[in-house]
Amino acid sequence: MDAISSPFLAPFPQLSLSSVSPKTTPSRITFPTITNVRIEERPQTQLKPQSPAATATTTTTTTIAAPPPPSSKERINGRRAEAPSLPLEQARLVRLPSRISSPPSLPVTICNILDDLINNFIDRPLRSSINPKDVLANNCAPVGELLPTKCTVQGRLPSCLDGAYIRNGPNPRFVPRAGYHLFDGDGMLHAMRISSGQATFCSRFVRTYKFTQEEEAGSPIYPNYFAGFEGAAGLARGGVLAVRALTGQFNPLNGAGLANTSLVFMDNKLMALGESDLPYEVRVTPDGDVETIGQWNFGGKLTMGMTAHPKIDPVTGEVFSFRYGPIPPFLNYFRIGSDGSKQPDVPIFSFQQPSFVHDFAITQRYAIFPDMQIVMKPLDMLTGEGPPVGYDAGKVARIGVIPRYATDDSEMKWIEVPGFNFVHTVNAWDEKGGEEVVLVAANTIPVEHMLERMDLLHCCVEMVRINLKEGKVVGRKPLSTRNLEWGVINPKFLGRKNRFAFMAIGDPTPKVKGIVKLDFDQAGEDDCVVAARSFGERCFAGEPFFVGNKEGGDEDDGYVLTYTQDEGSGQSRFVVMDAKSPTLDIVASVRLPQRVPYGFHGLFVSEKDLQKQKNWKRYKN
């Protein structure tokens, strides 16, 4: 599971679905450092001009985590092979400038002092799930930016992968002042650019408004929302944040989102998403760099955040999306045409309690929403009685189904599905002429531990069949007994009946110990897993992503992509697996010049689509 955020009053926090408990916190890894790395300064698109004082820089000594010596041995498809040497001298770390400015103003000084007093004297002892020493340990520790760096390829990168695989995830720019949750980190994009079998890797922050404001200040301004808004300390932090806004230290109208959850390519634009804010347009350049363009609001028609999981119909090119929050209407559904024009919101007034709606599904006729037992509790936050989210034991989970071209919620149907609390969907489709819908999603059990004890959770993939005419569930089958989440399919089958899905085995999430392939045609049998790959002891991966081999091929004719991290050696890799193989054989492996921390969702953008980006020809020439 990934970060869940909510547009709470101001753009709201990333709600944790994963935490590190004292029992599961692994030992720390000590990484060697590189001292002979060539450092380059490279300009980035800024969201606002900076004062001359703010742009002054100082020279500092810089080190980065290094891969193990090239003589180490690694496994591919169960066979030991000599790891190719990596030209580390080509690694180019970006040093974000240390800023020299005049002494902070009196309001800034007062707010910083108040923050220190809250953190040191009011805040309660930090739980392991929000203690930076625990949360930012090992491969959750932040990394610096890396300019495009050529990598060594072991095996052969298929020609269908010409393009770029980009994965989003949290990576805090500054050391947290107090409590920190894994999902409060600034968005960082880790991009693998592939061209004619050659691989180039880079890591770049998304230059959100929050990021640029804190970068200019040289320290955190915004509280870590989920970790910081609880009890008396949470109220105090809210007061300090209000003072910062009133004294002009930031403009709340510009948002405070992290853009750290996922990506989407639509209207010839690549966008980094986090549902607490507007999308941020980014661009992959021909040399493999990633640049932030700025916020995108669809010509002023989108004024608040949108889901990090919009759905693109593979046939019509339309984009279906939604947003939710604590103010009625709590759920708003909308559509974006294939030409990029946003259509009017459809308020869902029958969604009567603010609950978490992180993902949804579409079919050719309908949009399908969850109404789960994790609810928003803004009054508890404002009164200091507890966190702004929590578990409602008395609530019955529901699924809402609405025609996907609806103009109001009069045709929305809510069906009770007790105990079915899903964060991510896998796919959905119509059957019996639209009289029934079938939904495949990962049910989180037990849901009451979702916010704190991820190590106690088990995600059971289920196939749920709903008869809309009767308004009830007519079938519900588990597809596997394993702990599976982050399911992906061949995107050509989104919203249509399909057969295969590729899912991550949580260990627990965000660690992924392996990937499995499910065959929906075996629903009802003991286990639908028909292929699997484990990455070995102390080697973990992230969410898988499927890329088809060719147009018109079989549904599973293609490759599964992911990043892996060997916690024993400290080595990160980009791995390509054969989706048809019963053991998901690795056909190519790229040794990376820098760690890729555990993160969330990724996306592959083909070479054809990359060339549709704005200014591609200018950058290429």
Report task. Would you mind checking LYS395/LYS497; LYS301/LYS469; LYS133/LYS210; LYS311/LYS413 for any pair whose Cα atoms are more than 29 angstrom apart? Result -> LYS395/LYS497; LYS301/LYS469
Query raised in the report: Where a Cα-Cα gap under 13 Å defines reach, which aspartates and glutamates qualify for LYS580, not counting those fewer than 8 residues away within the same chain?
Result: ASP519, ASP554, GLU555, ASP556, ASP557
Report summary line: The long-range amide H neighbours of LEU189, using H built 1.01 Å from N in the peptide plane and a cut-off of under 5 Å, are ARG204, PHE205, VAL206
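Can you tell me the order of 544-552, 527-535, 319-327 when each peptide is scored by its average per-residue count of other Cβ atoms within 10 angstrom, highest first?
Details: 544-552: 16.4, 527-535: 18.6, 319-327: 20.8.
Per-residue Cβ counts within 10 Å, averaged per peptide and sorted highest first, yield 319-327, 527-535, 544-552.
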Report summary line: Whole-Å distance linking the alpha carbon centroid of region 330-356 with that of region 490-525 is 28
Report task. Per residue of region 213-223, in order, report the coupling 6.51 cos²θ - 1.76 cosθ + 1.60 (Karplus, θ = phi - 60°) as ³J(HN,Hα) in whole Hz, putting x for Gly and Pro. Result -> 5, 6, 5, 5, 6, x, 6, x, 10, 8, x
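So, by mean Cβ neighbours within 10 angstrom, what's the order for 247-259, 215-227 with the highest one leading? Write out the running numbers ahead of the final one.
Values: 247-259: 19.5, 215-227: 21.6.
By packing density, highest mean first, the sequence is 215-227, 247-259.
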Query - Inter-label distance for LYS612 and PHE493, nm, one decimal - labels placed 7 Å from Cα along Cα-to-Cβ - result: 2.3
Query raised in the report: Using a 1.4 Å probe, what is the accessible area per residue for region 188-270, in Å²?
Result: 27
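Using a Förster radius of 60 Å, what is the FRET efficiency between THR316 and ARG124 based on their Cβ-Cβ separation? Nearest 0.05, please. Walk me through the intermediate numbers first.
Working: r = 51 Å, r/R0 = 0.86.
Approximately 0.70, to the nearest 0.05.
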Query raised in the report: Taking θ as phi - 60°, what are the ³J(HN,Hα) couplings along region 546-553 by the Karplus curve (6.51, -1.76, 1.60), each to the nearest whole Hz, with x for Gly and Pro?
Result: 9, 10, x, 6, 7, 5, x, x
Query raised in the report: Tell me, what % of the accessible area of region 467-621 is carbon and sulfur with a 1.4 angstrom probe?
Result: 45
Requested in this report: Step through the residues of region 505-517 one at a time and calculate ³J(HN,Hα) from phi using the Karplus curve (6.51 cos²θ - 1.76 cosθ + 1.60, θ = phi - 60°), rounding each to whole Hz and writing x for Gly and Pro.
Outcome: 8, x, 9, x, 4, x, 6, 10, 8, x, 10, 10, 10
Report task. Leaving out ligands and nucleic acids, note down the accessible area per residue over region 436-581 with a 1.4 angstrom probe, in whole Å². Result -> 35
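Ranked highest first by the average count of other Cβ atoms within 10 Å around their residues, in what order do 103-110, 581-588 fall? Working shown, then result.
Details: 103-110: 12.5, 581-588: 18.0.
Ranked from most to least packed, the peptides come out as 581-588, 103-110.
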Report summary line: Within the under-10-Å Cβ sphere about LEU126, not counting LEU126, Lys/Arg +1 and Asp/Glu -1 give a net charge of +1
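The values are calculated or read from the model by the stated rules, or taken from the named source; none is laboratory data. Note that the coordinates shown come from a computational prediction; the quantities given were computed from them, not determined experimentally. Reconstructed Cβ throughout: ideal geometry from the backbone, glycine too, with neighbour counts over all protein chains shown. Only protein heavy atoms, including side chains, enter the accessible area calculation; ligands, DNA and RNA are left aside. Shrake-Rupley method; radii C 1.70, N 1.55, O 1.52, S 1.80 Å.
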